[in-house]
Amino acid sequence: MSFPDRCDICPRACLADRRTGSGFCGCGDKIILNRVSVHKWEEPCVSGRRGSAAFFFGGCSLGCVYCQNSAISRSPVGKEFSVQEFSDLLLKAAGSGCETINLVTPTHFTPQVCEALSMVRGRISVPVVWNSGGYELTETLKLTEGLVDVYMPDFKYSDGELAGRLSNAPDYPEIAREAIGFMLSLRPKAEYGEDGILRRGVIVRHLCLPGYRENSLRVLRELDALRVRGEPLLSLMAQYTPDFYSGDDKNLRRRITTFEYKKIADEAASLGFEGFTQDVTSARATYTPPFGEEFADETDDKRNKK
Ligand code: SF4
């Protein structure tokens, strides 16, 4: 797998030479990781009892104004890893007792991550989860085929104006529809192990934003239309917290109400989606890992093996 001389691996197509510089995502050609955490708050079929080994990458190809990982997404803080070093870390995490390998926002490192995954193929027995923002090209996602067991993309927006204003990506709706459709064609059916961990499938996450119920309802209808490609699980998230937002949009300065969330959850139920809902009280900033300047690896922690 080669990395393009001029980067066009995500829809931004910055054409940056990442050996010497960076584009919108802020990253060069080395993988940047801030943290490998034992994460117990993902969907139950991803976290299981012992937690998921969550790899938090620095930088991002989206620019969400409310991002709860903004400490590492807006500027790529962390440590650089070569493909070989990253593959060693994957093996170590997979052997740590965690239930899954959870790659959080890997899109802007897709070629390097896939090269590392192909180096360790057959030596990782836990599912590999591609936990992305949904803003990715099918051409690039083809690299993940056979290397990723579970796709867990966001489907944030059906409204291009909103996507432009809140994530600097007005083309997000059509890009995400194509990406999720492609993921569904790769993993059309949810398959579970006896331990209840999802071994294969697609979980589509939608974060319900306060004041933008129509956007959410249209996302659900658009996802419903994609079911001709496969059957996704739906994770309807109520955990938006205004702690990370400092702009002028009054909607984003509050949490979602129980009424708003219930209306969206009712629509999901009427469309017959299976999956996960959240309590509105889950909207707490304490679920965000404590990102620091230095790289940290928690998978050594003996508590994971209990
Ligand atoms: S991965 Fe980064 S440099 Fe490449 S096109 Fe996307 S934002 Fe630009």
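The values are calculated or read from the model by the stated rules, or taken from the named source; none is laboratory data. Note that this is a predicted model, so its numbers are computed, not measured. A quick note on method: Cβ atoms are made from the backbone with ideal geometry, for glycine too, and the neighbour counts reach across all protein chains shown. These accessible areas exclude ligands, DNA and RNA; they are computed on the full protein's heavy atoms, side chains included. Shrake-Rupley method; radii C 1.70, N 1.55, O 1.52, S 1.80 Å.
Things to note:
- Residues of region 69-82 that are more than 28 Å from residue 171 (Cβ to Cβ) and open to solvent by less than 30 Å² (accessible area, probe 1.4 Å): 81 alone.
- Subset of region 1-15 [among the aliphatic types (A, V, I, L, M) and more than 18 Å from residue 169 (Cα to Cα)]: 1
- Residue check for residue 96: small (Gly, Ala, Ser), over 23 Å from residue 135 (Cα atoms) and at pLDDT 95 or above: no
- Residues considered: 194, 214, 174. Of these, the only one that is assigned to a loop (DSSP other than H, G, I, E, B) and surrounded by fewer than 22 Cβ atoms within 10 Å (Cβ to Cβ) is 194.
- Flag for residue 260 being open to solvent by 30 Å² or more (accessible area, probe 1.4 Å) and either acidic (Asp, Glu) or under 19 Å from residue 104 (Cα atoms) (or both): no
- Where a residue in region 105-128 is closer than 21 Å to residue 63 by Cβ and its partner, wherever it lies, is in a helix (DSSP H, G or I) and open to solvent by less than 10 Å² (accessible area, probe 1.4 Å), with Cβ under 6 Å and at least six apart: 106/113
- Residue match in region 52-68 (condition: out of contact with any helix residue (DSSP H, G or I) (no Cβ under 8 Å at 6 or more places or on another chain) and either open to solvent by 50 Å² or more (accessible area, probe 1.4 Å) or under 23 Å from residue 165 (Cα atoms) (or both)): no
- The set of residues from region 197-211 being surrounded by fewer than 19 Cβ atoms within 10 Å (Cβ to Cβ) and over 25 Å from residue 258 (Cβ atoms) comprises 199, 200.
- Scan region 230-253 for residues that are more than 19 Å from residue 281 (Cβ to Cβ), in contact with a strand residue (DSSP E or B) (Cβ under 9 Å, 6 or more places away or on another chain) and open to solvent by 20 Å² or more (accessible area, probe 1.4 Å) and the total you get is 1.
- None of 37, 47 is open to solvent by less than 30 Å² (accessible area, probe 1.4 Å), of a type in the set (Ser, Thr, Tyr) and at pLDDT 95 or above except 47.
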